[in-house]
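Report on one structure; see the data block that follows.
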Amino acid sequence: MNLADKIFENPDRQATREGLGNAMLKLGQSNPKVWVVSAGLADSTRADKFAEKYPDRFVEVGIAEQNMIGMAAGAALGGKIPIATSFAVFLPGRCYDHIRQSIAYSNLNVKLVSTHAGITVGADGATHQMLEDVSMMRVLPNMRVVVPCDALEAEKAVLAAVEGQGPYYVRTGREKVPVLTTAESPFEIGKAELFREGKDVTIIANGIMVFEALKAARELEKQGIDAEVINCHTVKPLDEKAIVASVKKTGAVVTAEEHQKAGGLGAAVAELLSEKLPTPQIRVGVDDTFGESGPAPALMEKYGLTSKEIVKSVREVIKKK
Amino acid sequence: MDNTQLAVKAREIRKSIIRMLTRAGSGHTGGSLGMADVFTTLFFDTINMDSGDVTAKDRFIFSNGHICPVWYATLAEKGWIKKEELMTLRQLGSRLQGHPSRHDFPFAEISAGSLGQGFLAAVGLALAMKRDKSPYKVYASLGDGELDEGSIWEAAMAAGKYQLGNLIAFVDVNRQQQAGTTDQLMPLEPLAGKWAAFNWHVIEADGHDFSDIKKAFREAKQQKKPSVVLFKTHMGKGVPDWEDKYAWHGVSPTEQQAEYALKALEAPR
């Protein structure tokens with residue numbers, strides 16, 4: 001179902017930020033209105049190639065993320081479609097108020113795309129491991145929030161955000177992760193994708209946790225539990241219909257995200273279900289703590305962002321049915 | 001427009017400011033009165049803008065949005081909005097929000113209330129217009145207290161880098177802010193030197209002398225670098241007892257104070 005072959009054996013591995021880089025180059029060619037605004041990290045965000053090819057549509061503000069947002073807002077007033085890019089700790093972390101007033105309240109056509117999100121940024125440590133960005137962006141009126149599961153989906157997400165009108169936040173990471181989807185896999189912002197059908201529990205994941213969810217489902221199958229896996233790349237607007245339909249069938253939910261449990265995908269799902277279809281749920285995510293330096297896989301293990309944790313949560317949640 | 005006509009307009013704008021703020025029961029009186037002469041000159045003499053589409057030619061971006069009463073009143077004096085609408089300021093359902101809202105008011109290019117933001121957008125807009133080879137200018141309104149915001153200097157640096165000769169920022173240098181004088185809270189001097197160091201063309205002018213205001217804008221329009229006009233003004237200008245008092249930053253007049261102010265504005269000088 002919309003998935004690449006052999007994702008468990010020998011998957012192609014790419015960081016989701018590469019999807020941003022590819023999208024920017026495609027947009028460079030296809031849409032002269034697209035600008036890229038960078039705050040001193042063009043090599044890391046993959047904006048450097050766009051800068052080389054399209055210098056008249058590239059803006060380098062230096063290490064000044066607030067001004068990146070402000071100038072992007074101004075470029076949008078001038079008819080451009082700016083993509084602002086930086087590490088997630090700085091974008092949106094550094095510039096919340098600027099995003100709130102100049103982008104979201106003003107409802108301007110600016111696309112915010114972060115890289116280096118989440119704990120898998122690894123050795124740089126907690127200062128650089130942004131785990132709160134989805135919460136911050138999700139509460140802003142007019143803002144859409146997308147967390148792609150692989151590089152191909154990240155590319156599609158950036159292209160779709162540029163196609164759409166108004167503010168979008170797309171979150172990508174630095175760690176190389178399996179490419180799960182194909183160029184042909186359908187993608188639409190606001191529409192969750194069913195990656196595995198099942199009847200006993202619904203696992204709703206986004207970002208790099210989609211692969212962990214699929215691994216968990218495979219393990220659960222061995223244990224006689226039939227899990228449904230939904231790739232919920234768009235946290236806002238949430239695909240309420242797909243989630244409610246699945247949960248009505250399974251009667252139990254586990255959410256999984258590389259983010260704080262507070263305010264992210266799991267919280268969005270809990271808010272929805274508490275009003276529309278109260279259902280036992282366990283959230284897999286970082287539990288109200290900062291990260292630390294270390295290799296990405298070890299950090300995922302230590303902070304509970306693994307298929308193992310999802311399996312454990314599923315076994316627990318189905319007991320509450 | 002000649003200076004006598006401008007003076008008449010400015011007086012009407014000040015009266016509107018008093019009336020609308022008194023009706024609203026809250027708002028920023030001192031800065032609005034203080035910038036009336038500059039806004040009158042900008043909108044009746046300098047800026048090339050039509051009411052139908054304010055994005056078609058020269059552009060106006062608010063950064064110190066809290067003094068929006070002077071702008072609303074100026075637009076009403078131009079006949080771009082109705083004078084009666086001024087009396088809806090800050091009321092439920094009004095287009096005239098307490099701080100300018102792009103969502104509600106088509107003349108507002110960007111929402112501005114949180115300081116240190118609109119100016120950044122003006123820089124981005126000026127860069128877009130420069131790259132599009134637009135012959136028009138971007139005018140950005142700033143307050144001196146607002147210059148405490150670090151983001152202003154991020155954008156000032158970028159405007160210098162991109163040589164935005166189409167950008168004209170003007171600052172209300174009244175030396176007052178909400179909780180005290182700028183000298184008490186965060187001294188700004190040498191202010192002209194700061195902007196010059198950021199590669200701007202700096203002009204200092206008397207913000208209550210129409211000839212000086214016109215001359216400053218004329219000079220700014222001819223630069224290859226971004227220009228900033230530092231307008232020396234008096235907060236509360238036009239109402240003698242209120243002038244240069246920071247207490248008038250963020251409060252509106254009572255009915256009684258309004259009566260006094262309107263009388264003072266009518267007095268021959």
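Anything in segment A:137-155 that is open to solvent by 10 Å² or more (accessible area, probe 1.4 Å) and assigned to a helix (DSSP H, G or I)? List them, or say none. Write out each step before concluding.
First, pick out the residues of segment A:137-155 that are open to solvent by 10 Å² or more (accessible area, probe 1.4 Å): A:138-139, A:141-142, A:144, A:152, A:155.
Listed by number, the residues that qualify are A:R138, A:L152, A:E155.
So, in segment B:97-117, how many residues would count as being at the interface with chain A (Cβ under 8 Å from one of its Cβ atoms) and either farther than 12 Å from B:N64 by Cα or touching a residue at least 12 places away in the same chain (Cβ under 8 Å) (or both)?
Let us first name the residues in segment B:97-117 that are at the interface with chain A (Cβ under 8 Å from one of its Cβ atoms), namely B:101-103, B:109-114, B:116-117.
In the following step, the residues that additionally are either farther than 12 Å from B:N64 by Cα or touching a residue at least 12 places away in the same chain (Cβ under 8 Å) (or both) were identified as B:101-103, B:109-113, B:116-117.
Qualifying residue count for the region: 10.
Return yes or no: is A:G19 over 22 Å from A:H259 (Cβ atoms) and of a type in the set (G, A, S)? Walk me through it before giving the result.
Working: over 22 Å from A:H259 (Cβ atoms): no; of a type in the set (G, A, S): yes.
The answer is no for A:G19.
Given the options A:K33, A:K49, A:K80, A:K6, name the one that is open to solvent by 60 Å² or more (accessible area, probe 1.4 Å) and closer than 19 Å to B:M129 by Cα.
On the way: A:K49 fails: closer than 19 Å to B:M129 by Cα; A:K80 fails: open to solvent by 60 Å² or more (accessible area, probe 1.4 Å); A:K6 fails: closer than 19 Å to B:M129 by Cα.
Criteria check complete, one pass: A:K33.
When residues of segment B:17-36 are filtered for being in a helix (DSSP H, G or I) and open to solvent by 10 Å² or more (accessible area, probe 1.4 Å), how many remain? Don't jump to the end; show me each part of the working.
Filtering segment B:17-36 down to residues in a helix (DSSP H, G or I) leaves B:17-24, B:29-34, B:36.
Narrowing further to those that are open to solvent by 10 Å² or more (accessible area, probe 1.4 Å): B:19, B:22-24.
Adding up the residues that qualify gives 4.
Which of the residues spanning segment B:245-269 are under 17 Å from the mean Cα position of the chain (by Cα) and in a loop (DSSP other than H, G, I, E, B)?
Those that are under 17 Å from the mean Cα position of the chain (by Cα) and in a loop (DSSP other than H, G, I, E, B): B:H249, B:G250.
Please verify whether segment B:123-130 includes one or more residues that are open to solvent by less than 10 Å² (accessible area, probe 1.4 Å), within 13 Å of chain A (Cβ to nearest Cβ) and without any contact (Cβ under 8 Å) to a residue 24 or more places away in the chain.
yes
Restricting attention to segment A:169-179, does a residue exist that is assigned by TED's automatic domain parsing to the domain that holds A:I310, over 20 Å from A:D12 (Cβ atoms), in contact with a strand residue (DSSP E or B) (Cβ under 7 Å, 6 or more places away or on another chain) and of a type in the set (D, E, K, R)?
No, segment A:169-179 contains no residue that is assigned by TED's automatic domain parsing to the domain that holds A:I310, over 20 Å from A:D12 (Cβ atoms), in contact with a strand residue (DSSP E or B) (Cβ under 7 Å, 6 or more places away or on another chain) and of a type in the set (D, E, K, R).
Need the failing condition index for B:I203 against (1) aliphatic (A, V, I, L, M); (2) at pLDDT below 95; (3) within 21 Å of B:A122 (Cα to Cα), just the number.
If we test B:I203 against (1) aliphatic (A, V, I, L, M); (2) at pLDDT below 95; (3) within 21 Å of B:A122 (Cα to Cα), just (2) comes out false.
Listed residues B:E146, B:E84, B:E77; which is part of a helix (DSSP H, G or I), more than 10 Å from every other protein chain (Cβ to nearest Cβ), buried (at least 17 other Cβ atoms within 10 Å of the Cβ) and more than 15 Å from the chain's Cα centre (by Cα)? Even if it seems obvious, please write down each step before you answer.
Details: B:E146 fails: more than 15 Å from the chain's Cα centre (by Cα); B:E84 fails: buried (at least 17 other Cβ atoms within 10 Å of the Cβ).
The unique qualifying residue is B:E77.
Can you find a residue that is closer than 19 Å to B:P253 by Cα and either in contact with an Asp or Glu (Cβ under 9 Å, 6 or more places away or on another chain) or open to solvent by less than 10 Å² (accessible area, probe 1.4 Å) (or both) anywhere in segment B:41-54? Walk me through how you get there before you give the answer.
Kept after step one, since they are closer than 19 Å to B:P253 by Cα, are these residues of segment B:41-54: none.
No, the conditions are met nowhere in segment B:41-54.
Among (1) part of a loop (DSSP other than H, G, I, E, B); (2) surrounded by 15 or more Cβ atoms within 10 Å (Cβ to Cβ), where does B:A216 come up short?
(1)
Determine whether segment B:165-184 contains at least one residue that is on the phi < 0 side of the Ramachandran plot, at pLDDT 95 or above and basic (K, R).
No, segment B:165-184 contains no residue that is on the phi < 0 side of the Ramachandran plot, at pLDDT 95 or above and basic (K, R).
Here are A:E219, A:E240, A:E212, A:E275: which of them is surrounded by fewer than 24 Cβ atoms within 10 Å (Cβ to Cβ) and within 23 Å of the chain's Cα centre (by Cα)? Break it down stepwise before answering.
Working: A:E219 fails: within 23 Å of the chain's Cα centre (by Cα); A:E212 fails: surrounded by fewer than 24 Cβ atoms within 10 Å (Cβ to Cβ); A:E275 fails: within 23 Å of the chain's Cα centre (by Cα).
When all the criteria are applied, what remains is A:E240.
The rows are residues; the columns are (1) open to solvent by 10 Å² or more (accessible area, probe 1.4 Å); (2) more than 18 Å from the chain's Cα centre (by Cα); (3) of a type outside the set (D, E).
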residue	(1), (2), (3)
B:D132	yes, yes, no
B:Y139	no, no, yes
B:E154	yes, yes, no
B:Q163	yes, yes, yes
B:L167	no, no, yes
B:P190	yes, yes, yes
B:K224	yes, yes, yes
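Could you please find all residues in segment B:123-143 being under 27 Å from B:Q178 (Cβ atoms) and part of a helix (DSSP H, G or I)? Before you say what the answer is, go through the steps one by one.
Let us first name the residues in segment B:123-143 that are under 27 Å from B:Q178 (Cβ atoms), namely B:123, B:139-143.
Of everything in segment B:123-143, just one residue is under 27 Å from B:Q178 (Cβ atoms) and part of a helix (DSSP H, G or I), namely B:V123.
In segment B:131-143, which residues are within 7 Å of chain A (Cβ to nearest Cβ) and closer than 18 Å to B:C68 by Cα?
none
Could you list all residues from segment B:242-256 that are buried (at least 16 other Cβ atoms within 10 Å of the Cβ) and without any contact (Cβ under 8 Å) to a residue 12 or more places away in the chain?
Once the filter is applied, which keeps residues that are buried (at least 16 other Cβ atoms within 10 Å of the Cβ) and without any contact (Cβ under 8 Å) to a residue 12 or more places away in the chain, segment B:242-256 yields only B:E243.
Residue by residue, here is whether (1) within 17 Å of the chain's Cα centre (by Cα); (2) more than 30 Å from B:H99 (Cβ to Cβ) holds:
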{"site": "A:V36", "(1), (2)": "no, yes"}
{"site": "A:D48", "(1), (2)": "no, yes"}
{"site": "A:E52", "(1), (2)": "no, yes"}
{"site": "A:I83", "(1), (2)": "yes, no"}
{"site": "A:A104", "(1), (2)": "no, no"}
{"site": "A:L108", "(1), (2)": "no, no"}
{"site": "A:S114", "(1), (2)": "yes, no"}
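Out of all the residues in segment B:169-199, which are among the aromatic types (F, W, Y) and in contact with a strand residue (DSSP E or B) (Cβ under 6 Å, 6 or more places away or on another chain)?
Step one: filter segment B:169-199 for residues among the aromatic types (F, W, Y), giving B:170, B:195, B:198.
Once the filter is applied, which keeps residues that are among the aromatic types (F, W, Y) and in contact with a strand residue (DSSP E or B) (Cβ under 6 Å, 6 or more places away or on another chain), segment B:169-199 yields B:F170, B:W195.
Against the condition of a type in the set (G, A, S), open to solvent by less than 10 Å² (accessible area, probe 1.4 Å) and in contact with an Asp or Glu (Cβ under 8 Å, 6 or more places away or on another chain), how does A:G190 come out, does it pass? Write out each step before concluding.
Numbers: of a type in the set (G, A, S): yes; open to solvent by less than 10 Å² (accessible area, probe 1.4 Å): no; in contact with an Asp or Glu (Cβ under 8 Å, 6 or more places away or on another chain): yes.
It is false that A:G190 is of a type in the set (G, A, S), open to solvent by less than 10 Å² (accessible area, probe 1.4 Å) and in contact with an Asp or Glu (Cβ under 8 Å, 6 or more places away or on another chain).
Can you find a residue that is of a type outside the set (D, E, K, R), more than 9 Å from chain A (Cβ to nearest Cβ), over 17 Å from B:G113 (Cβ atoms) and not in a helix (DSSP H, G or I) anywhere in segment B:154-161?
The answer is no, given that none of the residues of segment B:154-161 is of a type outside the set (D, E, K, R), more than 9 Å from chain A (Cβ to nearest Cβ), over 17 Å from B:G113 (Cβ atoms) and not in a helix (DSSP H, G or I).
Residues being open to solvent by less than 40 Å² (accessible area, probe 1.4 Å) and outside any helix (DSSP H, G or I): count how many of those fall in segment B:169-187.
Looking only at segment B:169-187, we keep the residues that are open to solvent by less than 40 Å² (accessible area, probe 1.4 Å), and these are B:169-174, B:176-177, B:180-182.
Still in the running and outside any helix (DSSP H, G or I): B:169-174, B:176-177, B:180-181.
Here the count works out to 10.
The values are calculated or read from the model by the stated rules, or taken from the named source; none is laboratory data. Values in this document were obtained by computation on a predicted structure and should not be read as measured data. For neighbour counting, all protein chains shown are included, and Cβ atoms are generated from backbone atoms with ideal geometry for every residue, glycine included. Note: areas computed on protein heavy atoms with side chains; ligands, DNA, RNA excluded. Shrake-Rupley method; radii C 1.70, N 1.55, O 1.52, S 1.80 Å.
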